[in-house]
1. Given region 1-66, what strands (runs of 3 or more DSSP E) lie entirely inside it while holding 3 or more residues that are under 21 Å from residue 82 (Cβ atoms)?
2. Counting only residues that are touching an Asp or Glu at 6+ places or on another chain (Cβ under 7 Å), away from the ligand (no atom under 16 Å from the Cβ) and either over 25 Å from residue 247 (Cβ atoms) or touching a residue at least 60 places away in the same chain (Cβ under 8 Å) (or both), how many does region 277-319 have?
3. Would you check if residue 275 is modelled with pLDDT under 95 and under 20 Å from residue 34 (Cβ atoms)?
4. Go through 127, 100 for me and flag whichever is among the β-branched types (Val, Ile, Thr), in contact (Cβ under 8 Å) with a residue 60 or more places away in the chain and touching a strand residue (DSSP E or B) at 6+ places or on another chain (Cβ under 6 Å).
5. Have a look at 230, 238 and point out the one that is more than 13 Å from the ligand (Cβ to nearest atom) and in contact with a strand residue (DSSP E or B) (Cβ under 7 Å, 6 or more places away or on another chain).
6. Can you name the condition, by its number, that residue 251 falls short on among (1) within 24 Å of residue 45 (Cβ to Cβ); (2) part of a loop (DSSP other than H, G, I, E, B)?
7. Take the residues of region 260-270 that are surrounded by fewer than 20 Cβ atoms within 10 Å (Cβ to Cβ) and of a type outside the set (D, E, K, R): which is farthest from the chain's Cα centre (by Cα)?
8. Evaluate region 194-211: report whether one residue or more is hydrophobic (A, V, I, L, M, F, W, C) and closer than 21 Å to residue 30 by Cα.
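The values are calculated or read from the model by the stated rules, or taken from the named source; none is laboratory data. Fair warning: this is a prediction, and the values are worked out from it, not measured in the lab. We place every Cβ from the backbone using ideal geometry, glycine too, and count neighbours over all the protein chains shown.
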Amino acid sequence: MVKLLLISGSELEELLKPEVLIPEIENAFIKFSQGATVTPPRTVMWVEGNWWGIMQSYVPGYGVGVKVVSLIPQNPSRGLPTIQAIVTLFDGVTGTPLAVMEGGVLTALRTGAASAVSAKYLAPKEVKPIAIVGTGYQARYQLKFVSHVYPSDTVKIYDIKPEAMAKFKEWASSQGFKVVETSSVKELVKDSGVIIEATTTKEPIILGEWLSVNQHVISIGAHARDYRAFDDVAITKFNKIVVDSRKAVLEETGDIRIPLEKGLIKAEDLAELGEVASHVRKGRESNELTLFKSVGLAIQDACAAALAYKLAVEKGLGKEVTL
Ligand SMILES: NC(=O)c1ccc[n+]([C@@H]2O[C@H](COP(=O)([O-])OP(=O)(O)OC[C@H]3O[C@@H](n4cnc5c(N)ncnc54)[C@H](O)[C@@H]3O)[C@@H](O)[C@H]2O)c1
């Protein structure tokens, strides 16, 4: 008989607060860059024109996590989230299945935490507005987590869908942020300290000519080989490009793959977040323009899932089922 703990999205929100999750995700990135995790490349499949991923990883001290995730950009018009997922956690030593949890919230939480770790090492000292292009599902978590380490009380926003901006504005205002709506990415980027790209764009929307020193850009979108959020000028203008995984970004995002194949950047110039967090590579130095580009790693899911399971057991949350 297998006893599984089922953990809901609202329980995950309660358990994985920024102050709890950010240090654990930082630790998982360090282990990953030290080669201490088992992280086969995720299996990507295209189903009915949409991206699906099967992501598996073992993070020592945490466990084995397996996520099945779909990404359907048309879903918001159906009243469904773009990203839906389930995460299963196993004990890494005994192989015993331990928990199954809602994966959409877990993904948003762990992605927010990774962006926050990047801001910890790369955001400029002076606190200016946080800018967000793409005010969909991930945007709330990005703001919540990044503002935990970059304590701006002002968020500038832009989205091609006015209704997405309106909903985000209502939520961010309710959280105490001053919200500034903008009418273009150019206007959004100007005078912002941290700029977050969280869109489903396939074409560049952030142009290098708009960016300047003392800005840190976080990009979580453009997750496929031919998708780009940045033009060539932007990619060559960054003083530092930090990524979640060198191998994964070279395979999985046009933002890195295409400029690299054009000879505009070199693989050895890319630093991993885990290398920066363990001081093997440098974080921000003086007046720089920096980028953190992520495609999302299974280590983040395994780490966040194991932490959620441990805390849920301690606090008596979740619902136990016997299979
Ligand atoms: N790197 C990671 O670890 C990670 C994790 C989760 C999601 N993501 C990525 O984050 C992105 C957003 O995911 P989501 O769940 O918030 O999706 P979503 O559909 O809820 O939100 C995306 C928003 O982007 C807006 N948008 C699309 N094109 C735009 C453009 N050209 N200019 C301005 N706004 C635009 C849409 O109108 C929408 O409001 C996706 O690309 C997804 O793959 C990355």
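1. Counting at least 3 such residues, we get 43-47, 50-59.
2. So the count comes out to 5.
3. no
4. That would be 100, the only listed residue that is among the β-branched types (Val, Ile, Thr), in contact (Cβ under 8 Å) with a residue 60 or more places away in the chain and touching a strand residue (DSSP E or B) at 6+ places or on another chain (Cβ under 6 Å).
5. Just a single option satisfies the conditions, and that option is 238.
6. Status for residue 251: all satisfied but (2).
7. 263
8. no
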